[in-house]
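See below for the structure under consideration.
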């Protein structure tokens, strides 16, 4: 974590009530949400959105994870010291971030005299390998969902045959109906998951 210092709950090391109050207040301030505006490329903005969707977490949590990593930020900043990337078309966006992650980002930028937007842009680029893996999973999920849909369709056909042969009041068609209904519901839920993640297909 970027923040350092004694834990507010370490009773063996912190005995002064004033020090306890200061430490606890510092922790709370670090968790505060603040608004910050960045000018990022459309690709970086999309990458952040796609990764958050496919990881099942909020963009704020993902951004905080990327920025609250001083070692990674320093490594990225050093790699950009010699050759600063040219400015490209960027979009201004305002995000809600944790105070601690924002402070960590700004300290690194000051240390390397680097524009904040540049460091954010290249920090988000760390997500690209993850997005590529998720794209492969997405394609595999689509194949599996199609197969489940086919099973559901076959189940519906079998249920119709069972109803014709035995009648809907017969125990066997009733049990089959429950199984087919569950399979169809599962297929629909899986398809909804695929639809939510379709933006990865055009990234």
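The values are calculated or read from the model by the stated rules, or taken from the named source; none is laboratory data. Model, not experiment: these values are computed from the prediction. Counting neighbours? That spans all protein chains shown, and the Cβs are built from the backbone with ideal geometry, glycine included.
Structural remarks
- Failed criterion for residue 20 (all others in (1) surrounded by 11 or more Cβ atoms within 10 Å (Cβ to Cβ); (2) modelled with pLDDT of 50 or more hold): (2)
- Failed item in (1) at pLDDT below 95; (2) touching a helix residue (DSSP H, G or I) at 6+ places or on another chain (Cβ under 7 Å); (3) outside the structural domain of residue 45 (by TED's automatic domain parsing), with residue 195 passing the rest: (2)
- Helices (runs of 4 or more DSSP H) lying entirely in region 115-203 (those with 1 or more residues that are closer than 29 Å to residue 90 by Cβ and more than 17 Å from the chain's Cα centre (by Cα)): 116-124
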